[in-house]
Amino acid sequence: MKEQYNFREIEKKWQGFWAEKDLFAVTEDENKEKYYCLEMFPYPSGKLHMGHVRNYSIGDVVARFKTMNGFNVLHPIGFDSFGLPAENAAIKNGSHPAVWTSSNIAEMEDQLRELGFSYDWDREACTYKEDYYRWMQWIFIQFYKKGLAYKKENPVNWCPSCQTVLANEQVVDGKCERCKSEVTKKKLSQWYLKITDYADRLLTDLGKLEGWPDKVKTMQRNWIGKSTGYEVTYGLKDGDLPMTVFTTRVDTIYGATFMVISPEHPYVEELIKGQKEEAACREYIEQAKKQSDIERTSTTKEKTGQFTGRYVINPANGKELPLYLADYVLMGYGTGIVMGVPAHDQRDFDFAKKFNLPIIPVVDCGDGTDYEHLEAAVAAEGTMINSEQFNGLNNIKAIQVIGDSFVERGVGKKTINFKLRDWLISRQRYWGTPIPMIYCEKCGWQPEKEENLPVLLPTDVEFTGKGESPIATSKTFVDTKCPCCGGAAKREVDTMDTFLDSSWYFLRYCDAKNDKMAFDPKKAAYWMDVDQYIGGVEHAILHLLYSRFFTKVLYDLGLVNVDEPFKNLLTQGMVLKDGSKMSKSLGNVVSPEEIISKYGADTARMFILFAAPPEKELEWSDTGVEGSYKFLNRVYRLVYEMAEDTKGIPAVYKVETKDDKQLSFVLNNTVKRVTEDISNRFNFNTAISAIMELVNELYRYKELEDVNMGLLRDATEKLVLMLSPFVPHIAEEMWEGLGFTESTYHQAWPKYDETQLVKDTVEIVVQLNGKVKAKLDVATGLSKEEFEKTCMDDENVKALLAGKEIVKVIAVPGKLLNVVVKG
RNA sequence: GCCUGGAUGGCGGAAUAGGCAGACGCAGGGGACUUAAAAUCCCCCGGUGGCAACACCGUGCCGGUUCAAGUCCGGCUCUAGGCACCA
């Protein structure tokens, strides 16, 4: 240990030491309790940004802390390395995506090492490598065999800029999640995963996830969007088509005054044919088709529609209702047909106003609403009216009563609907896992034989950036033999959505080098579930929902022993500069490289953990970084001095003087606070501030005349160990400076002595009418009565109370005395 | 519109079960050391009034519960995020 804190030298030295000793490699050990600490793996965009540094610093503290507490900690890393940017870079530079990707990965690996994260690099997984996507394909085939993958022609979300389809989850505000272009509709035959089969379980099991933030669970719950209701079949006048609607408000059926059908509904053709409104209907359908989702679903848009010329018959009362086409009815939800109850649904109300349709109230919510002249739909609970034999019933009750009556008559059934759609996974792109399916004229779609995996990405392709998958330009890829009959067949040229890759990487980490299986179920059984998952809240729906889905399917296949992958989830806040997200376009990016080269990795980690609690947004501050750097220097100087002064002195001592007691108290209290702040709350900011207080106390104590060297020694050792998860390099250096040869990583986390936390006297507060008037030192451990008497007998208190009438005395031993007085 | 959070000094943030509001740090001010500066070490640092002791005010706003409210309850405002024609 040198006199000066030279972070460059120190960080390089210890990174080398860790690598050489392979310090962070772990294996399954049944004798030790496992702990799986996982941070979301990065997309290899080129360089780490501050968000990464924050994410991985948080994870590293947890991993190192758990290791020091005796757990067998799995702390892996990898790269989510398929995806569009690599392909775009390839188009731009005329190179291959693999070149761009691997060089970015190499750079980011270096940066991760420079930050001193405790990863088990032997388990690194990169999704673009054959040894990963081979098993991705294998898993896809298992899904297919289980009937969870199917191909279907559907209108899909199409991004004209990325030239590929998007999953519903990837369309944000009607725009492409990636490039923000407006998404259009296109009819294409595509592969889907049946996530809807798991909708109910994905919803119910959210209840198990006690270690997840409510916010994320709520978001998933809303996304899955379960609603219970009835399907009711209306009759068609002059026709046989069953006009079935889905409604959650079957109680309002007597208030139905029209019916609306989605323009894309398959019945429409038959319904409008030969009607005098046919031409107008066709015109309307064309218009609807042309609209983008963003126009169509805009809530501010006025309702549009077109009468079809047809009528339906309400099974409740036999009334004839006009049937309209309207684009506010979505084909993808419910039955694509809706009964219009304007009095009790705002959308129907707007539509009725526009087309001058009658409005019949059927629920009186009893608040004096003028039902003759409604100005808006009424959704509140109330009593049934205008509903024949159901009048007078509570409407919530009526839902069941009326619903059941339709079930009995055979025109209704109880149904559950989900907003969640099946997951569209085909992408018309090159840089992804090839979908391992083969089309044979005779045998239809067949999965590639498992022994032939991986289906390799071809290299003889052209990157044109045009509408079809670039793989289609390969001369060697497409033509193949049918795995079933051996005849000529063609391969699927689309690749998988990269969200599939990231839906099981945490399982691959359990057994990353296995070339016989995706992972050994025994090893997965040892490590899973992930005890702590850490990442950005932007993945609250997509990645976290897909991963849960995958885990459940693999659980059902008997490959994993847990049906939820992530026990505890920490969603970290964004890193901001000047109040907004760091971004190139705003020009407010602070690069980790810059900070590391100026102050070192330890300072960067320290600042980012100290500046805010992890789940909150973090405002970047250059002077704050400077402050962290100064603190590390301050600690270094202190430990350097202590290393010299306490050389050869064991950390054995008796607490004697008042100052000894004070330091011993602060020391033990710090150990307690830091331990609890890390393990219970992940409040690293307060953990660090506690350590700062200990350092301040040590500075005070060491200048005293009568110092206890054993105590100082003990405090210094514990200080260094407590710092080690946060700032591992400097901690190793100081630990070595104190004469130890083993890494801090393998030291036991310091313990505190409860008896040292008990003080003889404690400062309490004396209040008059709730206002602080005096402070007293009072012995601890007194009963309420003794405490009150001691306080009341105090001269200062007596003086305060002189001439006042005591109304009431509240005594809280060890805390305060509040005297309520008059006059 | 609906669902979540959040609002505390000049700034980032503490206050974990209703009990001293502002821990810790940044910025600022003062002192020591120095020929000087930097670095370091020590002290001060919510507002108003006062020479001072001290008094009054103060956790987005209005009201309530309580001996005691940043914390609990009711009603708002602003703000961030998510969802949004899902019948």
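Which members of the range A:82-98 meet the condition of being open to solvent by 10 Å² or more (accessible area, probe 1.4 Å) and part of a helix (DSSP H, G or I)? Within the range A:82-98, A:L84, A:P85, A:N88, A:A89, A:I91, A:K92, A:N93, A:A98 meet the criteria.
Take the range A:774-795 and flag every residue that is of a type in the set (V, I, T), within 13 Å of A:A811 (Cα to Cα) and open to solvent by 40 Å² or more (accessible area, probe 1.4 Å). Of everything in the range A:774-795, just one residue is of a type in the set (V, I, T), within 13 Å of A:A811 (Cα to Cα) and open to solvent by 40 Å² or more (accessible area, probe 1.4 Å), namely A:T790.
Here's the yes/no breakdown for (1) more than 24 Å from A:V260 (Cβ to Cβ); (2) open to solvent by 30 Å² or more (accessible area, probe 1.4 Å):
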site	(1), (2)
A:D350	no, yes
A:K353	no, yes
A:I359	no, yes
A:D364	yes, yes
A:T369	yes, yes
A:L374	no, no
A:V378	no, no
A:G382	yes, no
A:Q389	yes, yes
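When the range A:337-370 is filtered for residues that are among the acidic types (D, E) and outside any loop (DSSP other than H, G, I, E, B), the ones remaining, listed by number, are A:D348, A:D350, A:D364.
When restricted to residues that are open to solvent by 10 Å² or more (accessible area, probe 1.4 Å) and among the aromatic types (F, W, Y), the range A:66-81 contains 1.
Restricting attention to the range A:737-751, the residues that are part of a loop (DSSP other than H, G, I, E, B) and surrounded by 11 or more Cβ atoms within 10 Å (Cβ to Cβ) total 8.
Count of the range A:701-724 residues, restricted to those that are within 14 Å of RNA strand B (Cβ to nearest atom) and in a loop (DSSP other than H, G, I, E, B), is 2. Scanning the range A:1-21 for residues that are in contact (Cβ under 8 Å) with a residue 12 or more places away in the chain and part of a helix (DSSP H, G or I) turns up A:F7, A:R8, A:I10, A:E11, A:K13, A:W14, A:Q15, A:F17, A:W18, A:A19, A:K21. Look through A:V639, A:V625, A:V727 and report the one residue that is near RNA strand B (Cβ under 10 Å from one of its atoms) and in contact with a Ser or Thr (Cβ under 9 Å, 6 or more places away or on another chain). A:V625 is the lone residue from the list that is near RNA strand B (Cβ under 10 Å from one of its atoms) and in contact with a Ser or Thr (Cβ under 9 Å, 6 or more places away or on another chain). When the strands (runs of 3 or more DSSP E) confined to the range A:188-268 are screened for residues that are of a type in the set (D, E) and open to solvent by 20 Å² or more (accessible area, probe 1.4 Å), those reaching at least 1 such residues are found at A:226-236. Whenever a residue of the range A:746-760 is in contact (Cβ under 8 Å) with a residue 12 or more places away in the chain, its partners that are part of a loop (DSSP other than H, G, I, E, B) and of a type outside the set (D, E, K, R), lying with C-beta atoms within less than 6 angstrom and at least six residues away or across chains, give the pairs A:W749/A:N69; A:K759/A:T780.
The set of residues in the range A:483-518 being under 29 Å from A:E87 (Cβ atoms) and without any contact (Cβ under 8 Å) to a residue 24 or more places away in the chain consists of A:N514 alone. Out of the residues in the range A:157-177 that are crowded, with 17+ Cβ neighbours inside 10 Å and closer than 16 Å to A:E87 by Cα, which is farthest from RNA strand B (Cβ to nearest atom)? Of everything passing the filter in the range A:157-177, A:Q163 is farthest from RNA strand B (Cβ to nearest atom).
Among the residues in the range A:308-323, are any among the charged types (D, E, K, R), within 30 Å of A:G392 (Cβ to Cβ) and away from RNA strand B (no atom under 12 Å from the Cβ)? Checked against the condition, which is being among the charged types (D, E, K, R), within 30 Å of A:G392 (Cβ to Cβ) and away from RNA strand B (no atom under 12 Å from the Cβ), the range A:308-323 yields at least one hit. Taking the criterion of being touching a helix residue (DSSP H, G or I) at 6+ places or on another chain (Cβ under 6 Å) and acidic (D, E), the residues of the range A:674-729 that qualify are A:D677, A:E697. Among the residues of the range A:349-391, those that are without any contact (Cβ under 8 Å) to a residue 40 or more places away in the chain and within 16 Å of RNA strand B (Cβ to nearest atom) comprise A:F349, A:K353, A:C365, A:D367, A:E375, A:A376, A:A377, A:V378, A:A379, A:A380, A:E381. Scanning the range A:408-423 for residues that are without any contact (Cβ under 8 Å) to a residue 60 or more places away in the chain and either in contact with a Phe, Trp or Tyr (Cβ under 9 Å, 6 or more places away or on another chain) or not acidic (D, E) (or both) returns a single hit, A:G410.
Could you tell me which of the residues A:P592, A:P613 is out of contact with any Leu (no Cβ under 6 Å at 6 or more places or on another chain), open to solvent by less than 40 Å² (accessible area, probe 1.4 Å) and not aliphatic (A, V, I, L, M)? Every option except A:P613 fails the conditions.
For the range A:479-532, the helices (runs of 4 or more DSSP H) that sit wholly inside it and include 2 or more residues that are open to solvent by 10 Å² or more (accessible area, probe 1.4 Å) are A:498-501, A:521-527.
Looking across A:L776, A:L768, one residue alone is within 30 Å of A:S664 (Cβ to Cβ), more than 48 Å from the chain's Cα centre (by Cα) and within 12 Å of RNA strand B (Cβ to nearest atom). It is A:L776.
The values are calculated or read from the model by the stated rules, or taken from the named source; none is laboratory data. On a predicted model such as this, the values are computed, not experimentally measured, just so you know. Here Cβ is always computed from backbone atoms with ideal geometry, including for glycine, and neighbour counts include all displayed protein chains. Ligands, DNA and RNA are excluded from the accessible area calculation, which covers all protein heavy atoms including side chains. Shrake-Rupley method; radii C 1.70, N 1.55, O 1.52, S 1.80 Å.
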